[in-house]
Amino acid sequence: MSPLFLFLSFVALLSALGVVLAKNPVHSVLFLILTFFTLSGHYLLLNAQFLAAVNIIVYAGAIMVLFLFVIMFLNLNEETEPHKPALAKFAAAIAGGSLLLILVAAMRNVNPVGYDPTSFDSQIGMVDRLGLVLFQQYALPFELASILLLAAMVGSVMLGKRETGERNF
Amino acid sequence: MDQTIPEVIRTVPLQYYVFFASALFAIGVTGVLVRRNAIIIFMCVELMLNAVNILLTAFSAYRADPNGQIFVFFIMAVAAAEVSVGLGIIVMIYRNFQTTDVNLLSRLKW
């Protein structure tokens with residue numbers, strides 16, 4: 001058992017709990033960034049260098065900056081944070097715990113086939129190998145993803161535009 | 001070929017990644033149920049997406065099949081688009097109602 005795997009999993013789960021439990025939304029965002037960095041560490045351990053880099057650039061870089069920016073823009077802090085009644089929180093924790101229990105109980109006796117030493121290839125996560133697959137087999141989905149991103153950009157600009165009048169939808 | 005099998009893949013059973021991703025996913029679900037702030041709920045959805053990503057990557061790396069990692073790449077692209085539109089909607093809701101509390105935004109709830 002790799003100690004690095006245990007350490008990264010432990011930190012990732014703790015900081016994921018921090019996202020849920022932190023009172024201040026800014027702390028939640030910082031915990032989420034820590035989670036993303038540990039997940040990038042996991043990707044590195046699995047020899048998926050491309051995903052590790054993209055995870056840090058896209059998630060920890062772009063998406064979390066967007067979250068942090070919106071939270072600071074709306075001036076959310078501990079005082080403005082709404083809370084559910086204790087009973088609802090308890091029920092939610094029970095529901096989430098049961099989901100975990102069911103998933104673990106269902107997967108406990110499943111033994112997924114591990115690696116195959118004869119055909120194993122440790123280089124599949126490298127940028128050049130993934131690039132070849134991406135631009136040969138997945139060229140069409142790749143282009144569709146660019147259209148999706150363009151549509152999302154146009155949509156968010158349109159949503160964010162202030163219109164005249166009392167209510168702006 | 002000049003390659004060695006990474007230590008994690010040799011020593012950690014694939015099942016442990018399933019458990020780890022399940023735990024991360026369950027924490028995300030709990031977060032969606034517990035919190036009332038729309039932005040935090042959104043962040044917990046990101047947590048669930050990442051639980052799926054780590055599982056796909058683990059299976060892809062263990063089975064030496066690049067398709068799983070390509071799929072993770074597309075999930076990240078879709079997540080980026082989703083976040084930009086979602087946060088745009090949340091900012092617009094805040095401009096109209098001065099709150100991001102999902103319990104006050106229940107007009108469409110039967």
>> Over 5 Å intervals from 0, what percent of Cα-Cα pairs in the protein assembly as shown sits in each interval?
In response: 1, 5, 11, 15, 17, 15, 13, 10, 6, 4, 2, 1, 0, 0
> Relative to the present Cα-Cα distance, how much length would full extension add between A:ALA93 and A:LEU17 at 0.36 nm per residue of separation?
Replying inline: 26.2 nm
>> Suppose only helical runs count, i.e. DSSP H with n ≥ 4. What mean residue ellipticity at 222 nm does that imply for the protein assembly as shown under -39500 (n - 2.57) per run, divided by all residues and rounded to the nearest 500 deg cm²/dmol?
In response: -23000 deg cm²/dmol
> With a ≥ b ≥ c the root eigenvalues of the C-alpha gyration tensor of the range A:7-78, is it rounded (a/c under 1.5), prolate (a/b larger than b/c) or oblate?
Replying inline: oblate
> Going by alpha carbons, how many degrees (0 to 90, nearest 10) lie between the helix axis of B:14-34 and the longest principal axis of chain B?
Replying inline: 0 degrees
> How are the C-alpha pair distances of the range A:45-161 spread across 5 Å bins, as whole percents from the shortest bin up?
Replying inline: 2, 7, 7, 11, 12, 14, 15, 15, 9, 6, 2, 0
>> If you count only protein heavy atoms with a 1.4 Å probe, what accessible area per residue comes out for chain B, rounded to a whole Å²?
In response: 41 Å²
> In straight Cα distance, which lysines are under 22 Å from B:LYS109, not counting same-chain residues fewer than 8 positions off?
Replying inline: A:LYS84, A:LYS89
> Using r as the Cβ-Cβ distance of A:HIS27 and B:LEU105, and R0 as 30 Å, what FRET efficiency do you calculate, to the nearest 0.05?
Replying inline: 0.80
> Between chains B and A, what is the buried accessible area summed over both chains (1.4 Å probe, protein heavy atoms, nearest 100 Å²)?
Replying inline: 7700 Å²
> Could you give the alpha-carbon Rg of chain B over 2.2 N^0.38 Å, rounded to two decimals?
Replying inline: 1.40
> Given q = 0.32 Å⁻¹, what are the Debye log10 I(q)/I(0) values for the range A:122-162, with equal point scatterers placed on the Cα positions and solvent ignored?
Replying inline: -0.96
> Using a basic spin-label model with each label point 7 Å from the Cα along Cα→Cβ, how many nm lie between A:VAL104 and B:THR4?
Replying inline: 3.4 nm
>> Could you put B:ASP65, A:ASP128 in order of accessible surface area, largest first, with the 1.4 Å probe and the full protein assembly present?
In response: A:ASP128, B:ASP65
> For chain A, what are the DSSP H helices with axial Cα length of 15 Å or more and mean Kyte-Doolittle hydropathy of at least 0.0?
Replying inline: A:3-21, A:25-45, A:86-107, A:139-160
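The values are calculated or read from the model by the stated rules, or taken from the named source; none is laboratory data. This structure is a prediction, so every number in the text was calculated from the model and none was measured. When we count neighbours, we look across all protein chains shown, and the Cβ atoms used for this are built from the backbone with ideal geometry, even at glycine. The area values use the complete protein model at the heavy-atom level, side chains included, leaving out ligands, DNA and RNA. Shrake-Rupley method; radii C 1.70, N 1.55, O 1.52, S 1.80 Å.
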